[in-house]
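Read the structure below first, then the notes.
The values are calculated or read from the model by the stated rules, or taken from the named source; none is laboratory data. Predicted model only: the values in this text are computed from it and were never measured. Here the Cβ positions follow ideal geometry from the backbone for every residue, glycine too, while neighbour counts run over all protein chains shown. Remember, those area values only see protein heavy atoms, side chains included, never the ligands or the DNA or RNA. Shrake-Rupley method; radii C 1.70, N 1.55, O 1.52, S 1.80 Å.
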Amino acid sequence: MPDIAQLAARLDDAARHAEAVAQLEEPIDLADAYRVQAASMGRRYARGENRIGMKMGFTSRAKMAQMGLDTMIWGRLTDGMLIEDGGTIDIRRFVHPRVEPEIAFLLAAPLSGIVTPLAARAALAGIAPALEIIDSRYRDFKFSLTDVVADNSSSSGLVVGPWADPAIDFSNLGMIVEIDGVERMIGSSAAILGNPIRSLVAAAKLAQEAGEPLQAGDIVMAGGATAAEALAPGQHIRLTVQHLGHAEFRVAPAA
Ligand code: OOG
Ligand code: MG
């Protein structure tokens, strides 16, 4: 029997102190990995962070290929992970952060269990260009499926751009990330499960199964549309999503 609380503490401490840890050696199944995630997030809530929604992972071929895993995963988002659009991060808060372009959903109504894409769309208050900062707590950013799930699916930060009218067709929008003005990641929202709404449909089911159904006001991150890129001090990261606008942040220069 894995010691859920002990593994949760190890991963939470690694995140808190920005110190890499070894991959889990203990045999653990997927259900236990999600228990570790819940327990480690419980420690963050106990320190005053609040749940704001969930993130989906491995919803595009590019992300699956980069990390060598092909099972959809999810993680919990808190207000402590929010980075203001246009804000600056201190890289020392992270182990080895990477950035990836995503689409964020904002819910106007609860969305729970098995829902149709149409129902998912009807529950939306807005959609936005978003950048996720992922940061595996495992050494060398290497992990198994259960490792990454236990580590809250590498959730670390999110930058959400302006909310747009969800009535627009967002199934195939061009997405470009410039780093210091140079185009570095180019993709389409269609890379996310063929249509990012499918990520929200999957999130509604997974959240309900976990006993934490999606609520009005929740943010759901659809998953990276391209492979992630490593962050370095001094960078300016800017995502443009066709028809939706921009989300951007800076990494503070080395001290
Ligand atoms: C796991 C998290 C995956 C995504 O958008 O696919 C993810 C990782 O790559 O570290 O956030
Ligand atoms: Mg992501």
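Quick look at the values:
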quantity: Meets criteria (away from ligand 1 (no atom under 13 Å from the Cβ) and over 27 Å from Gly42 (Cβ atoms)) for Leu106; calculated: no
quantity: Positions within segment 5-15 being open to solvent by 40 Å² or more (accessible area, probe 1.4 Å) and over 15 Å from Tyr138 (Cβ atoms), in sequence order; calculated: Ala5, Gln6
quantity: Every pair of residues 6+ apart whose Cβ atoms lie under 6 Å, when the first sits in segment 216-242 and is touching a residue at least 12 places away in the same chain (Cβ under 8 Å) and within 21 Å of Ser171 (Cβ to Cβ) while the second is assigned to a loop (DSSP other than H, G, I, E, B) and more than 11 Å from ligand 2 (Cβ to nearest atom); calculated: Ala222/Pro196; Val241/Leu173; Gln242/Leu173
quantity: Segment 60-81 - residue that is closer than 30 Å to Gly48 by Cβ and in a helix (DSSP H, G or I) and, of those, most open to solvent (accessible area, probe 1.4 Å); calculated: Asp79
quantity: Asn152 vs. criteria surrounded by 20 or more Cβ atoms within 10 Å (Cβ to Cβ) and either touching a Lys or Arg at 6+ places or on another chain (Cβ under 9 Å) or more than 30 Å from Pro233 (Cα to Cα) (or both); calculated: yes
quantity: Hits in segment 198-210 - residues which are open to solvent by 60 Å² or more (accessible area, probe 1.4 Å) and more than 11 Å from Met56 (Cα to Cα); calculated: Lys205, Gln208, Glu209
